[in-house]
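Below is one structure, written out as structure tokens, with a few remarks after it.
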Amino acid sequence: MDQVATLQLESVDLQSSRNNKEHHTQEMGVKRLTVRRGQPFHLRLSFSRPFQSQTDHITFVAETGPKPSELLGTRATFFLTRVRPGNVWSASDFTTDSNSLQVSLFTPANAVIGHYTLKIDISQGQGHSVTHLLGTFILLFNPWSAEDDVYLPSEILLQEYVMRDYGFVYKGHERFITSWPWNYGQFEEDIIDICFEILNKNLYYLKNPAKDCSQRNDVVYVCRVVSAMINSNDDNGVLQGNWGEDYSKGVSPLEWNGSVAILRQWSARGGQPVKYGQCWVFASVMCTVMRCLGVPTRVVSNFRSAHNMDRNLTIDTYYDRNAEMLSTQKRDKIWNFHVWNECWMIRKDLPPGYNGWQVLDPTPQQTSSGLFCCGPASVKAIREGDVHLAYDTPFVYAEVNADEVIWLLGDGQAQEILAHSTSSIGKEISTKMVGSDQRQSITSSYKYPEGSSEERAVFMKASRKMLGPQRASSPFLDLLESRDLRNQPVQLQLHLARMPEWGQDLQLLLCIRRVPDSTHPWGPIALVVRFCAQALLHGGGTQKPLWRHTVRLNLDFGKETQWPLLLPYSNYGNKLTDEKLIRVSGIAEVEETGRSMLVLKDVSLEPPHLSVEVSERAEVGKALRVHITLTNNLMVALSSCMMVLEGSGLIDGQIAKDLGTLVAGHTLQIQLDLYPTKAGPRQLQVLISSNEVKEIKGYKDIFVTAPGAP
């Protein structure tokens, strides 16, 4: 009998075009094989002769990370079989055709994610084996697989939270919410490599690379690592935070259009933190990384967000008798808004019932297990007050549920409680609506309706777990209960007389109504109201007063009065922060009793409007004319104007253009051509910044057709 010739591997076809399409990774390109775990992919092997399954033995070896080990789950050895054996590494369902072998490889739904090398050992009978490198592939989480911990059983939601490469971040103030377009760009070809570069620079990896890689099968672990690595407080993370006003050594957080430029800069400079980020930048970059890795992720904004470092579920704010909001050495603050992420996953580390959306916050606020990271904290656990559950649930619970107490300060001491609110924190919790550019309120996912019996019961439950049973008898609560804040002789409200615009005088109305009270139920009273206006910082603090005013009134019972107030542009024009927010405060003192009342109004000033239009249908590879229009409706010129355009699938990287000065009352019109590179829904983001206004943003949703499509 003639001896059969040795089986030699002549070529390999990883079929990346077919596989990437079936695995929803074709947006990353088809030059490399990029697949998702828990789902088969296909190879074609060409040999020197026909493959004979009875005598030719093929062993597949897949390895990832340093020092691959089967014990650690970073090395898998598996044989060619007729039928797939279950949720394990396998090569099965093979067919032969002449000298080629078509085979289906399967990765388990709990496999370690990462860059893999794939080899085969070929042997005949008891003869020696020969090892061949087949190639490399990238393995990602698979939210389309029911066996994966990130499984999301809705194609509509998967398109939004994994495949959508643009979105919106909600900023501003609870009554003046603005939507910021953002380019996530998770499918730009180099972003997947940068995401794994981030994982490979985390502190756990640097201490024990093999162990760190072995834990990348666990989405909870990966999320915590990414949360820590997006900030740079204790590692060479992606972004350096800056909550001041001096961004001269980097880029203002307001001037970023998307994540791609940030991630590329971090990688190109060898992992040096990019300057600068604030909460919406941290969260948006984390959204890019997690969607790229295959974890359904969204960006969430919480308005009037508590930063409760002492974990007492109370935020104290102080005013003096001149209505000035005072700075304090305490780290507790109420941020105008705070932005974090939600990632979708099963929580096998928690009791049943806490799967689904989990809060992850990459903004460095406090340490968690020694690192500046936060989460995952189950949104369900936050709603139910189950603050004992991992991770960092008490901190997130306080962000949306803490009480606010406002004090009148005199002679360095808190003299009087001006207000106590159980419902002023955690307002309008927002995210982008699925399949729409509209904002969706998800406040009800985080807490029961304010003031409801369920909400108060959950608050007391969380309080007992965080503070202990002594809370019920605290002297502070006794003081609150003894002080009837509603028993005041006057009702005060501040209203805007007209919509505020940056560059215009602000017109307000003080509305006053005399009502009966226990001290002076029917008689007239004398009232002194001292007003103060201050620039409001994103982190909850204020700057020095930019305007003061005093009003003296005599009020008879039942009388209603409206008093106009004017805050001139000359007072605030060069004193506001980039946020363009003003807090107008008033302290009214009843001369007969000395009792004080507080009235507040936060004012958000609208920047000029930016218009973005396209004149024809968009098609891959064909010129697309874009029209950008900006009218300066301010009283001052906009100097050193700079325009930056970004949009994955429309622009490779960014387009930057110096626009010079835009005189007050004049209109700027720009036309330029783009050449789209990818079909499907796209978004063009446009930012124009100037010395006077940092954030004039616009966007245009564009559907790009494939070449030659009807």
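A few remarks follow.
- Shown here for the range 172-267: trypsin sites (Lys or Arg not before Pro) in loop regions (DSSP other than H, G, I, E, B) with at most 14 other Cβ atoms within 10 Å, namely 175, 249.
- Note on the chain: along the principal axes its Cα atoms extend 122, 64, 42 Å, ordered by decreasing extent.
- Net charge in the neighbourhood of residue 106 (other residues with Cβ under 15 Å of its Cβ; Lys, Arg +1, Asp, Glu -1) is 0.
- Three-way shape call for the range 243-308 based on the alpha-carbon gyration tensor, with the a/c threshold at 1.5: oblate
- Charge-dipole axis of the range 28-142 as Lys and Arg at +1 and Asp and Glu at -1 on Cβ define it, positive-most pick from 87, 47, 98: 87
- Restricting the trypsin sites (Lys or Arg not before Pro) of the range 582-630 to loop positions (DSSP other than H, G, I, E, B) with no more than 10 neighbouring Cβ atoms within 10 Å leaves nothing.
- Look at the Cα gyration tensor of the range 333-415: its axes a ≥ b ≥ c give a/c of at least 1.5 with a/b over b/c, and that counts as prolate.
- Only Lys, Arg (+1) and Asp, Glu (-1) charged, at Cβ; the range 155-465 dipole about Cα centre in debye: 480
- With contacts taken as Cα pairs under 8 Å at a separation of at least 6 residues, the range 155-465 carries a relative contact order of 18 percent.
- Computed FRET value (nearest 0.05) for residue 544 with residue 31, which takes r as the C-beta separation and R₀ as 51 Å: 0.35
- Taking the Cα centre of the range 490-604 as reference, the dipole from Cβ charges on Lys and Arg (+1) and Asp and Glu (-1) amounts to some 140 debye.
- Put the Cα centre of the range 437-467 next to the Cα centre of the range 149-169 and the gap is 26 Å.
- Applying the Karplus relation 6.51 cos²θ - 1.76 cosθ + 1.60 with θ = phi - 60° to the range 182-193 yields 3J(HN,Hα) values of 9, 8, 6, x, 5, 9, 4, 4, 8, 5, 4, 5 Hz, where x marks Gly and Pro.
- Rg/Rh for the range 9-140, where both radii come from Cα atoms and Rh is the Kirkwood radius: 0.95
- For the range 299-354, the relative contact order is 46 percent, taking Cα pairs closer than 8 Å that sit 6 or more residues apart in sequence and dividing their mean separation by the residue count.
- Averaging the Cα positions of each part gives two centres, and for the range 562-587 and the range 65-104 these lie 68 Å apart.
- Gyration tensor (alpha-carbon) shape descriptor, the range 155-465, a/c threshold 1.5: prolate
- Per-residue 3J(HN,Hα) values for the range 542-553, derived from phi via the Karplus relation 6.51 cos²θ - 1.76 cosθ + 1.60 with θ = phi - 60°, read 9, 9, 4, x, 10, 6, 10, 7, 10, 10, 10, 9 Hz in sequence order (x marks Gly and Pro).
- Over the chain, Cα pairs under 8 Å with separation of 6+ residues give a relative contact order of 9 percent.
- Note on the chain: helix-only mean residue ellipticity at 222 nm, from DSSP H runs of 4+ residues weighted -39500 (n - 2.57) and normalised by residue number, equals -4500 deg cm²/dmol.
- Within the straight-line cut-off of under 24 Å between alpha carbons, the lysines reachable from residue 211 are 67, 119, 201, 348, sequence neighbours fewer than 8 places apart in one chain being disregarded.
- DSSP bridge orientation in the chain - percent antiparallel, rounded to nearest 5: 90
Each reported figure results from applying straightforward, stated rules to the coordinates on display, with no laboratory input. All of these numbers come straight from a predicted model, not from anything done at the bench. Here Cβ is always computed from backbone atoms with ideal geometry, including for glycine, and neighbour counts include all displayed protein chains.
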